[in-house]
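The values are calculated or read from the model by the stated rules, or taken from the named source; none is laboratory data. As the structure is a computational prediction, the values presented were derived from the model and not from experiment. Cβ placement follows ideal geometry from the backbone for every residue including glycine, while neighbour counts extend to all protein chains displayed. In case anyone asks, the SASA skips ligands and DNA or RNA and just uses the protein heavy atoms, side chains included. Shrake-Rupley method; radii C 1.70, N 1.55, O 1.52, S 1.80 Å.
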Amino acid sequence: MIEILAYIGYFILLLNLIFFFISFSNQGKAYKIFTLYLGLVFVVQILAEILNQQKRSNLFLSHFYFIGQFIILSFFFLAILKEKHQKKIVKLGLLFGLLALGIQYANDISLFFRFNLFEIFITSFLLIIYATFHFYNMLNEKKEFYYINMGILLYLFGSTILFLVGNLTIGLSLGLRKTTWILNAFLYIVYQMFILVEWKKSFSNKTRQ
């Protein structure tokens, strides 16, 4: 079940990457940054799947995923947020998040080979704040990247809770732990569908022109 959901998520991710890449050169800065994000996520997911098929540990790739996602999406929100104080908060959040993680890894390099819950929480929490800024701005402005922003809010909020709860249930039944991963895989599919809807509604017509 988990593998089927994962492969569905990979397939929709690949579709999104292809669709966004088609009109890459004709779009603005935010669009290009988000396409770069899709490319990073796809590469990390494929490498993780290859290592998994070879029965090798792929946990270290989670750091490239979460930190890479944090950096690229921070620049994405810098490109779409208009308020100066919001941009300043994003810049400070990016600096603080990377500094905090740098200090943590400097003190315990072994974290590189384990799941880092602090990394997941701090990067996701800051991105949720930025997405909330954009959601608030869209109440009175053009709904730019509306579906992507909603997908980010839903996925990061839900997945962060699932990761934290999943860590607390390590000592519990295998079935409960599997349920956590199934819910996360389902959330990821929903997230990718939001991205696909964004491309369809906002950019597909421009691609045909």
- Query: Scanning the range 129-154 for residues that are within 19 Å of residue 192 (Cβ to Cβ) and without any contact (Cβ under 8 Å) to a residue 40 or more places away in the chain, which turns out most open to solvent (accessible area, probe 1.4 Å)?
  - Reply: 153
- Query: Which ones in the range 79-113 are more than 19 Å from the chain's Cα centre (by Cα) and of a type in the set (Lys, Arg)?
  - Reply: 82, 84, 87, 88
- Task: Report, by residue number, each residue of the range 30-48 that is over 23 Å from residue 111 (Cβ atoms) and either loosely packed, with under 15 Cβ neighbours inside 10 Å or not aromatic (Phe, Trp, Tyr) (or both).
- Result: 30, 32, 33, 35, 36, 38, 39, 46
- Taking the stated definitions as given, is residue 137 of a type outside the set (A, V, I, L, M, F, W, C), at pLDDT below 95 and within 19 Å of residue 66 (Cβ to Cβ)? no
- Item | Which listed residue, of 19, 96, is open to solvent by 20 Å² or more (accessible area, probe 1.4 Å), under 15 Å from residue 199 (Cα atoms) and of a type in the set (Phe, Trp, Tyr) | 19
- Query: For residue 74, are the conditions met, namely being open to solvent by 50 Å² or more (accessible area, probe 1.4 Å) and among the small types (Gly, Ala, Ser)?
  - Reply: no
- For the range 3-16, how many residues are in contact (Cβ under 8 Å) with a residue 12 or more places away in the chain and open to solvent by 60 Å² or more (accessible area, probe 1.4 Å)? 2
- Failed condition for residue 57, given (1) among the hydroxyl-bearing types (Ser, Thr, Tyr); (2) in a helix (DSSP H, G or I); (3) open to solvent by 30 Å² or more (accessible area, probe 1.4 Å): (2)
